[in-house]
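Just below is one structure, and these are the notes that go with it.
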Amino acid sequence: MGLRLRIVGKAVLGICAGLVLAGCSEDFGPDQHGRKVTADSLDGQWLVINYWAEWCAPCRTEIPQLNALAKALETQSAQVIGVNFDGLQGDALKRAADGFDIRFTVLAKDPAARFELPHNDVLPATYIVDPEGRLRERLVGEQTSAGLQAHLQRLREE
């Protein structure tokens, strides 16, 4: 009886540990449309995380390039994610994203802490995060779709 109790106890502990670890993969919060962005939808992929603001002129010309990149990455294990530098939420975030014609996911919750992204006071700023969640590249200034694809390709080959 004692051996069985220990085996059951270990199994219960294993299940509890699994549940605790599963809880560590916290969701990313809502997007610009108010839809929940789950950890499962982004984890394990290359992420191109772009910080933008309405007052940023280079951001306005960069967004179409990011839209093109997002389209090009649809068949790959990579996604473009936007983050509003000013922390807009709800309807204000939706209006700003719509005003820029952003066609990729814009997170209402800044993922900087999750990926240990350094703070940047210059916009636009783009970070490339690998499938393990590690920051691999920090790019400041306006980027092109072709340039970002080249960065991703180089990083994938390393």
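Could you please put His33, His151 in sequence from largest to smallest accessible area, using a 1.4 Å probe?
Ranked list, largest accessible area first: His33, His151.
Working out 0.36 nm times the residue gap between Asp27 and Arg154, then minus their Cα-Cα distance, what length gain in nm do you get to one decimal?
Here the answer is 42.8 nm.
Taking a ≥ b ≥ c as the square roots of the Cα gyration tensor eigenvalues, with a/c under 1.5 meaning rounded and otherwise prolate when a/b beats b/c, else oblate, which class fits region 65-142?
oblate
Given a 1.4 Å probe and every protein chain left where it sits, what share in percent of the accessible area of region 29-84 is carbon and sulfur?
Carbon plus sulfur share of accessible area: 53 percent.
Over the C-alpha atoms of region 72-113, what are the Rg and the largest Cα-to-Cα span, Dmax, in Å?
Cα-based Rg and Dmax for region 72-113 come out at 11.3, 31 Å.
Which order do you get for Asp130, Asp98 if you rank them by accessible area with a 1.4 Å probe, largest at the top?
Asp98, Asp130
Could you sort Val83, Val122 by accessible area so the largest value comes first, with the probe set to 1.4 Å?
Val122, Val83
The values are calculated or read from the model by the stated rules, or taken from the named source; none is laboratory data. Computed from a predicted structure; not experimentally measured. Note: accessible area is taken over every heavy atom of the protein model, side chains too, but ligands, DNA and RNA are not part of it. Shrake-Rupley method; radii C 1.70, N 1.55, O 1.52, S 1.80 Å.
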